[in-house]
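Here the structure comes first, spelled out in C-alpha cells, and everything after it is commentary.
What follows draws every value from the coordinates through simple rules; no lab data is involved. Quick caveat, the model's predicted, so the values are computed rather than measured. Heads up, the Cβs are rebuilt from the backbone with ideal geometry, glycines too, and the neighbour counts pull from every protein chain shown.
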Amino acid sequence: MMVKLAQTAGFCMGVRRAVDKVLHMARSSGSGPIYTYGELIHNPPTVELLKRRGIIPIESLDDIDRGTVVVRAHGISPREREKLKEKNITLVDATCPKVARVQAIIKKHVSMGYNVVIVGNADHPEVRGLLGYAEPGGIVVADVEDVDRLPELEKVCVVAQTTRNRRHYEEVCSRMKERFPEVLVFNTICDSTERRQAEVLGMTGEVDVMIIVGGRNSSNTKELLDISRRSGTPTFQVETAEELRDINLDKAARVGVSAGASTPNWITDSVVDYLTLYRGKEGNFLMNALVRLWLFAIRTDIYSAVGAGILSSVSMILQGRPLSLINILIAAFYVYSMHTFNRIQDRYLGRIQGSFRDETYLKHKKIYLWASVISLALALLLSLAAGKGVFFFLMLMSLAGYLYRFRMFPLGLPLKSLRDIPGSKNIFIALGWAVVAALIPPLAEGDYPGITAVLSFVIVFTLVFMKSIISDMVTVQSDQLVGRETFPVVMGERNSGKLVRWLSMALGLFIVAVGATGLMPPIILSLLTVVFYVWICLELCDKRAKFSSTALEGFFGTTYIVAGAAVFAGTLVARLLNR
Ligand code: SF4
C-alpha cells in the first residue's frame with residue numbers, strides 16, 4: 001500500500017501559536033492553573049494531557065473568579081472581553097491574527113452603518129465571537145437557502161468563517177448580490193484552510209481511499225471530509241489510529257491522509273505508521289517487507305544499536321586500530337540497553353496517544369525490560385572478553401546510565417535527578433555514545449585513550465548530539481505538551497536548527513583541520529559527507545509534513561550509516577589506490 005501524507009496536514013499557524021503560547025506559560029509560570037476559554041485543541045486525549053500540565057478548559061466565564069484565561073485561536077466577543085476585565089481576570093490573547101482581521105473588518109463596517117452577514121456555522125465559537133462584534137445587526141447564514149430567508153437589508157458587509165469552503169462561500173455571496181442593493185464581500189477564508197482543502201481535493205484524484213484525521217467536533221475537519229466525499233473518493237474520518245482497525249482497506253493500493261488544523265501531528269503520524277506497517281498488502285512484496293523491517297528497527301531502537309556499532313567501527317578506523325567485532329557489539333548492546341531502559345522508565349511514557357515509540361514500548365514493557373537487561377549483560381560479558389579495564393569502565397558507564405534518572409539532588413532543590421537538567425537528555429545521549437564508540441577501542445587494546453581517541457570522541461559526540469537535537473525538533477510539539485525539556489523545547493525549534501547548522505559547520509572545519517594536521521588518516525575527510533547529510537536532515541525537518549515521524553527518525557538515524565559508508569568506501573578506495 002502506498003501512503004501519501006498531505007503536506008498541509010496538522011496544526012495551522014493559529015492553533016500552533018495558541019498551543020505554543022499556553023505551553024510556554026505552563027513552563028514558565030508555575031503559578032496556579034491556566035484556563036483556556038473552550039478546549040484549545042479538538043482532541044480529547046490531548047486536552048486531558050493539558051489538564052495535567054495545569055491548563056484547564058472552561059466552557060463559561062462564570063466558572064471562574066480569578067486566575068489567567070487564555071483566549072484560544074477562535075477569539076471571543078467584545079462582551080466576553082469586558083466580562084473578563086470586570087472580574088479582574090488576566091487575559092492572554094491567543095486569537096489567531098486571521099480571525100482578528102475578520103473581527104476588525106466587522107467592527108469597522110458596523111461603525112459605517114453596514115449590516116454584517118457572517119457565512120458560517122452559528123454554533124462555532126469563532127462565529128459566536130464574530131457575531132459579538134456585529135451587534136446589533138449581525139446575522140449568521142449557513143447556506144443559500146438561509147439568504148432567501150433574510151429580511152430586506154440596505155448595506156450589507158459579508159464575511160466568512162475562516163474555515164469555510166470557498167466554493168460554498170462564493171455561492172452564498174452571489175445570491176446575496178442578487179438580493180441586496182449594496183453588498184461588500186470580504187474574502188476572509190484563511191489561506192491555510194484553502195491550501196489544505198485544495199490539497200485534499202487534488203489528492204482525491206490520485207488515491208483510492210482518503211483518511212481524514214481529526215476531532216468529530218472540528219469544523220475544518222468536517223469541511224475536509226465533505227470535500228473529499230463530494231469528489232466521489234471513499235473517505236473515512238478517524239480521531240486515532242485505533243479506529244482504522246474497523247475500516248477495510250484491503251483493496252486500497254493508494255491511501256491519502258490529511259488532517260484538520262487542530263490535529264496534533266503525532267496522531268497523524270500514528271495513522272500513517274499504522275497504514276504503512278499493518279495494511280500494506282498491495283504493491284511490491286519485497287519493498288513492503290523491507291520498509292516494514294526498517295520501521296520496526298526504528299521503533300524498537302534496534303536502528304540506534306546498529307548506528308552505535310557503526311560509529312564504533314568508524315572510530316576504530318580513524319584511530320588506526322584493527323576492527324574488532326567485540327568492540328562493535330559492546331557499543332551496540334550498551335546503547336540498546338540504555339535507550340530501551342530509559343524509554344520504559346520515562347515518566348512521560350504513554351502520555352501522548354499515538355507517539356510512535358510509546359505505543360510499542362507500552363504494549364511490550366516487560367519484553368523491553370528483559371531485552372534491556374539481556375543487552376547489558378551481553379555488553380558486560382563481551383567487555384570481560386575485551387579485558388578487565390573495559391569491563392570496569394563499562395560497569396561505571398552502565399551505572400552512570402541508570403543513575404541518570406534516579407534522585408540524587410537534595411530535597412528542596414528544583415532538580416531531583418540529572419534528567420531534570422534542561423537539555424540534559426541530548427548531552428548525556430551524545431556522551432554515552434561517544435564514550436563507548438571512541439574510548440573502548442583503545443582500552444580494549446590496553447592503551448590509554450590518546451589524542452586520536454579524543455578526536456574520535458569529539459566527532460562521535462558532535463554527530464550524535466546533532467542527530468539527537470534534530471530528532472527532538474520533530475517531536476517538539478509532543479515534548480512541550482508532556483513537559484519534556486529537550487534542547488528544542490528550551491531553545492525553540494528555530495534556534496535549535498541554527499545550533500545544528502553551526503555545529504555541522506564547526507564539525508566540517510574540525511574534520512578538515514584534523515585531516516590537514518595528519519593526526520588521523522586522510523580518510524577522515526570522507527566524513528564531510530555526513531556534514532552534508534546533516535543539512536539534508538535539517539531540510540527534511542522543515543518539510544516534515546511529507547513523512548511520518550518514524551520515517552523521519554529513520555532518515556536522521558541514517559546519519560551513522562552514512563558516516564560508516566563514507567569511511568568504509570574511503571578505506572576501500574585508499575587500499576585500491578595503494579596497490
Ligand atoms: S484555520 Fe486559519 S484562521 Fe483559523 S486558526 Fe488556523 S490559521 Fe487561524
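Does the stretch 83-241 classify as rounded, prolate or oblate by the C-alpha gyration tensor (a ≥ b ≥ c root eigenvalues; a/c under 1.5 gives rounded; else a/b over b/c gives prolate, otherwise oblate)? Cα axes put the stretch 83-241 in the oblate bin. Counting only aspartates and glutamates at least 8 places from LYS87 when in the same chain, those with an alpha carbon closer than 17 Å to its own are GLU59, ASP62, ASP63, ASP65. For ILE56, the residues whose amide H sits under 5 Å from its own are ILE34, TYR35, THR36, ignoring neighbours fewer than 5 places away on the same chain, with H placed 1.01 Å from N.
Among the GluC sites (Glu not before Pro) in the stretch 178-254, those located in a DSSP loop and surrounded by at most 15 other Cβ atoms within 10 Å of their own Cβ are GLU206. Net charge of the neighbourhood of THR8, taken over other residues with C-beta under 9 Å away and scored Lys/Arg +1, Asp/Glu -1, is +1.
One chain, two ends: ASP542 and LYS363. Fully extended at 0.36 nm per residue, the span grows by 61.3 nm beyond their Cα-Cα distance.
Only DSSP H runs of four or more residues enter the estimate; each adds -39500 (n - 2.57), and after division by the residues of the chain the mean residue ellipticity at 222 nm equals -19000 deg cm²/dmol.
Here the dipole of the chain is about 1360 debye; that uses its Cα centre as origin and unit charges on the Cβ of Lys and Arg (positive) and Asp and Glu (negative). Where the centroid of each part is defined by its Cα atoms, how far is the stretch 60-113 from the stretch 478-553 in Å? So the separation of the two Cα centres works out to 42 Å. What whole-number distance in Å separates the alpha-carbon centres of the stretch 258-335 and the stretch 380-402? Using only Cα atoms to place each centre, the spacing works out to 26 Å. Translational diffusion of the chain was estimated from the Stokes-Einstein equation, with Rh taken as the Kirkwood radius over Cα pairs; at 25 °C and 0.890 mPa s the coefficient is 92 µm²/s. If you take all other residues with their beta carbon under 12 Å from the beta carbon of CYS190, and give Lys and Arg +1 and Asp and Glu -1, the sum is +2. Net charge in the neighbourhood of HIS109 (other residues with Cβ under 12 Å of its Cβ; Lys, Arg +1, Asp, Glu -1) is +2.
Number of Lys-Lys pairs in the stretch 295-578 with C-alpha atoms under 17 Å apart and a separation of 8 or more places or on different chains: 5.
Set the Cα radius of gyration of the stretch 204-293 against 2.2 N^0.38 Å, with N its number of residues, and you get 1.08.
Between LEU381 and TRP535, the simple spin-label model (points 7 angstrom out along Cα→Cβ) gives 4.6 nm. For the stretch 381-387, the Karplus equation 6.51 cos²θ - 1.76 cosθ + 1.60, evaluated at θ = phi - 60°, returns couplings of 4, 5, 5, 4, 5, 7, x Hz by residue, with Gly and Pro reported as x.
For the charge dipole of the stretch 99-189, defined by +1 on Lys and Arg C-beta atoms and -1 on Asp and Glu C-beta atoms about the Cα centroid, which residue among ALA122, SER111, VAL147 has the Cα displaced farthest towards the positive pole? The one lying farthest along the dipole's positive direction is SER111. Binning the alpha carbon pair distances of the stretch 99-189 at 5 angstrom intervals from zero yields the distribution 3, 16, 31, 28, 19, 4, 0, expressed in whole percent.
Bridging of LYS108 to lysines at a Cα separation below 20 Å is possible for LYS98, LYS155, once same-chain residues fewer than 8 apart are set aside.
Note: relative contact order over the stretch 83-179, using C-alpha pairs below 8 Å and six or more positions apart, is 29 percent. Computed over Cα pairs, the Kirkwood radius of the stretch 1-118 leads via Stokes-Einstein (1.567 mPa s, 4 °C) to a diffusion coefficient of 81 µm² per second.
Cα-based values for the stretch 295-578, radius of gyration first and Dmax second, are 18.5, 64 Å. Listed by chain and number, the lysines whose C-alpha is less than 22 Å from the C-alpha of LYS251, apart from same-chain residues fewer than 8 away, are LYS4, LYS281. Karplus-derived 3J(HN,Hα) values for the stretch 254-267, using 6.51 cos²θ - 1.76 cosθ + 1.60 with θ = phi - 60°, are 10, 10, x, 10, 9, 8, x, 5, 10, 8, x, 5, 5, 6 Hz; glycine and proline are entered as x. Sequentially through the stretch 296-302, phi angles give Karplus couplings (6.51, -1.76, 1.60; θ = phi - 60°) of 4, 4, 5, 5, 9, 6, 5 Hz, Gly and Pro residues having no value and appearing as x.
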